[in-house]
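Q: Mind having a look at this structure? Questions to follow.
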Amino acid sequence: MMSAPKNKPVYVTQPLLPPLEDFLPYLEAIWDNKILTNGGPFHQQLEQALCDYLGVKHICLFANGTLALMTALQALRINGEVITTPYSFVATAHSLLWNNIKPVFADIEPHSLNLDPTRIEAAITPQTTAIMPVHCYGRPCDIEAIEKIADNYNLKVIYDAAHAFGVRHRGGSVLNHGDLSVISFHATKIFNTFEGGAIVCPDAKTKQRIDHLKNFGFVDEVTVVAAGINGKMSEINAAFGLLQLKGIDGARQKRKAIDAHYRRQLAGIDGISCLQQGEGEAANHAYFPILVSPGYPLSRDALFQLLRDQEIYARRYFYPLISDFPMYRGMPSAAHANLPVARLASSQVICLPIYPDLEMATVDAIIAMIAAPAQQQALIRNIA
């Protein structure tokens, strides 16, 4: 069995960092102008550059994606109940609790692992005010079906698009759908600003309200119009984002090549399946999840441990389900019977390492570790 290079752990992702000397001119500019925050020149440049790159009209930068989620709910004045997915990072539901909103969990589709529109509609009550779907692993939700439900029931839609930087759906940015979309620029994402996030919004009036909310509600020195928060992105983060944006296309191409290699080499292994890209989608290859089903010789957790023993730190994204954590598991919608597809996916998924600097030799070693138990099982069957 091939193993990972000794003394070199392989993590599920690794931030892409440009040469340090390329960042120094940006820092020198900040040191010269003494503007560290409050919408300085790099902040303004990054907002415009991201609008141009992503194909969106307006974007509001934030210190992180969770603050952006919390503020998006405030901006649309959401209350009552919001239907969301249990199959996500906890920030999705936490943003609702922080706004005193009740999360209502609905089950997911088996082929996309995104919210199932039929289960969304079944979960609507008189207290429902919005839907918060997640483009899981960057794979677009069933946008058209969700929009139709929202229109029929007069609900707002806020997409947690943390995974969906640069993803396109039917020729346009997936971020242009819903009332608002929220992205993350955390260090683990394909585009990062160390820490950071943003809200994509459709019009200048909404952007102005969000910009007020992320700056304590200030309009000017003496006027406060809302109970806002401090969610501003610093100039250092914005400057780093401008530098990162220069290399993003090359990084995405490298991810695409790794994704394709995994798919080719894992095809045909009994009990291992990959999520398929939907028709008309342009993926960003942010994650590479596989599902380990009963046809594979090992359980998901046994394969996870096998990789870990060789210092391959794959992750069980998303396990446990959000609905299993103490602050949520007592809710009626968190009941196991309500979420069978999400529960099965959570017991089967492993996200394999994928990042631009990941060497193909290491990818091959990971593939060999996954293939070996299956090959041994086939050999036993043949001998028998």
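The values are calculated or read from the model by the stated rules, or taken from the named source; none is laboratory data. Keep in mind that this is a model prediction, so the values were computed, not measured. Positions of Cβ are generated from backbone atoms using ideal geometry, with glycine treated the same way; all protein chains shown enter the neighbour counts. The accessibility values were calculated without ligands, DNA or RNA, using every heavy atom of the protein model including side chains. Shrake-Rupley method; radii C 1.70, N 1.55, O 1.52, S 1.80 Å.
Q: For LYS256, indicate whether it is at pLDDT 95 or above, open to solvent by 20 Å² or more (accessible area, probe 1.4 Å) and part of a loop (DSSP other than H, G, I, E, B).
A: no
Q: Additional query: In the stretch 81-105, what residues are over 17 Å from the mean Cα position of the chain (by Cα) and open to solvent by 10 Å² or more (accessible area, probe 1.4 Å)?
A: GLU81, LEU97, TRP98, ASN99, ASN100, LYS102, VAL104
Q: Okay, moving on. What number of residues in the stretch 122-156 are of a type in the set (Gly, Ala, Ser) and closer than 25 Å to CYS351 by Cβ?
A: Count: 1.
Q: Residues in the stretch 25-38 that are touching a residue at least 24 places away in the same chain (Cβ under 8 Å), over 19 Å from ILE210 (Cα atoms) and either open to solvent by less than 30 Å² (accessible area, probe 1.4 Å) or not aliphatic (A, V, I, L, M) (or both): how many?
A: Number satisfying all stated conditions: 2.
Q: Under 6 Å by Cβ, and 6 or more places apart or on different chains, what pairs join a residue from the stretch 336-354 that is within 17 Å of SER112 (Cα to Cα) and touching a residue at least 60 places away in the same chain (Cβ under 8 Å) with one that is part of a strand (DSSP E or B) and open to solvent by 60 Å² or more (accessible area, probe 1.4 Å)?
A: From the stretch 336-354, the pairs are CYS351/ARG315.
Q: May I ask you to say which residue of PRO320, PRO340, PRO289 is out of contact with any helix residue (DSSP H, G or I) (no Cβ under 9 Å at 6 or more places or on another chain), closer than 21 Å to PRO110 by Cα and either open to solvent by 10 Å² or more (accessible area, probe 1.4 Å) or modelled with pLDDT under 95 (or both)? Break it down stepwise before answering.
A: Numbers: PRO320 fails: out of contact with any helix residue (DSSP H, G or I) (no Cβ under 9 Å at 6 or more places or on another chain); PRO289 fails: out of contact with any helix residue (DSSP H, G or I) (no Cβ under 9 Å at 6 or more places or on another chain).
Within the list PRO320, PRO340, PRO289, the selection yields PRO340.
Q: Can you find a residue that is at pLDDT 95 or above and assigned to a loop (DSSP other than H, G, I, E, B) anywhere in the stretch 143-150?
A: So far as the stretch 143-150 goes, no, none of its residues is at pLDDT 95 or above and assigned to a loop (DSSP other than H, G, I, E, B).
Q: Separate question: Give all pairs with beta carbons closer than 6 Å in which a residue from the stretch 210-222 that is under 15 Å from ALA198 (Cβ atoms) and in a helix (DSSP H, G or I) meets a residue that is open to solvent by less than 80 Å² (accessible area, probe 1.4 Å) and of a type in the set (S, T, N, Q); count only pairs at least 6 apart in sequence or on separate chains.
A: Matching pairs, first to second residue: LEU213/THR71.
Q: Are any residues in the stretch 343-359 open to solvent by 10 Å² or more (accessible area, probe 1.4 Å) and among the small types (Gly, Ala, Ser), and if so, which ones?
A: SER347 - this is the single residue of the stretch 343-359 that is open to solvent by 10 Å² or more (accessible area, probe 1.4 Å) and among the small types (Gly, Ala, Ser).
Q: Here's something else I'd like to know. Which residues, taken from the stretch 179-196, are part of a loop (DSSP other than H, G, I, E, B), in contact with an Asp or Glu (Cβ under 8 Å, 6 or more places away or on another chain) and surrounded by 24 or more Cβ atoms within 10 Å (Cβ to Cβ)? First the steps, then the outcome.
A: Residues of the stretch 179-196 part of a loop (DSSP other than H, G, I, E, B): 179, 185-196.
Still in the running and in contact with an Asp or Glu (Cβ under 8 Å, 6 or more places away or on another chain): 185-187.
Selection gives PHE185 alone.
Q: Additional query: Which residues, taken from the stretch 157-171, are in contact (Cβ under 8 Å) with a residue 40 or more places away in the chain and either in contact with a Lys or Arg (Cβ under 9 Å, 6 or more places away or on another chain) or assigned to a loop (DSSP other than H, G, I, E, B) (or both)?
A: Hits for the stretch 157-171 are ALA162, HIS163, ALA164, PHE165, GLY166, VAL167, ARG170, GLY171.
Q: Looking only at the stretch 152-169, decide whether some residue is among the small types (Gly, Ala, Ser) and more than 19 Å from LEU67 (Cα to Cα).
A: yes
Q: Residues that are at pLDDT 95 or above, part of a helix (DSSP H, G or I) and at negative phi: does the stretch 268-277 have at least one?
A: So far as the stretch 268-277 goes, no, none of its residues is at pLDDT 95 or above, part of a helix (DSSP H, G or I) and at negative phi.
Q: Here is a check on your reading of the model: is ILE229 surrounded by 14 or more Cβ atoms within 10 Å (Cβ to Cβ), touching a Ser or Thr at 6+ places or on another chain (Cβ under 9 Å), within 27 Å of PRO140 (Cα to Cα) and modelled with pLDDT of 95 or more?
A: It is false that ILE229 is surrounded by 14 or more Cβ atoms within 10 Å (Cβ to Cβ), touching a Ser or Thr at 6+ places or on another chain (Cβ under 9 Å), within 27 Å of PRO140 (Cα to Cα) and modelled with pLDDT of 95 or more.
Q: Whether any residue in the stretch 281-288 is in contact with a Leu (Cβ under 9 Å, 6 or more places away or on another chain), free of Cβ contacts under 8 Å to residues at least 60 places away in the same chain, not aliphatic (A, V, I, L, M) and not in a helix (DSSP H, G or I) is what I want to check.
A: no
Q: Further question: Pull up the stretch 197-213, narrow it to residues that are within 23 Å of GLY166 (Cβ to Cβ), of a type outside the set (A, V, I, L, M, F, W, C) and touching a helix residue (DSSP H, G or I) at 6+ places or on another chain (Cβ under 8 Å), then point me to the one that is least open to solvent (accessible area, probe 1.4 Å).
A: The initial filter retains those residues of the stretch 197-213 that are within 23 Å of GLY166 (Cβ to Cβ), namely 197-203, 206-207, 210.
When the remaining residues are screened for being of a type outside the set (A, V, I, L, M, F, W, C), the result is 197, 202-203, 206-207.
Retained after the next criterion (residues that are touching a helix residue (DSSP H, G or I) at 6+ places or on another chain (Cβ under 8 Å)): 197, 202, 206.
Numbers: GLY197: 0, PRO202: 71, THR206: 33 Å².
Once the filter is applied, the top-ranked residue is GLY197.
Q: Let me ask something else. Could you please give the count of residues in the stretch 39-54 that are free of Cβ contacts under 8 Å to residues at least 24 places away in the same chain, open to solvent by less than 20 Å² (accessible area, probe 1.4 Å) and over 20 Å from the mean Cα position of the chain (by Cα)?
A: Qualifying residue count, the stretch 39-54: 0.
Q: Can you give me the ranges of the helices (runs of 4 or more DSSP H) entirely in the stretch 46-123 with at least 2 residues that are farther than 30 Å from PRO340 by Cα?
A: Output list reads 65-75.
Q: Checking the condition out of contact with any Cys (no Cβ under 7 Å at 6 or more places or on another chain), in contact (Cβ under 8 Å) with a residue 40 or more places away in the chain, open to solvent by less than 10 Å² (accessible area, probe 1.4 Å) and not acidic (Asp, Glu), which residue from ILE59, ILE124, ILE108 passes?
A: On the way: ILE59 fails: out of contact with any Cys (no Cβ under 7 Å at 6 or more places or on another chain); ILE124 fails: open to solvent by less than 10 Å² (accessible area, probe 1.4 Å).
Answer to the selection: ILE108.
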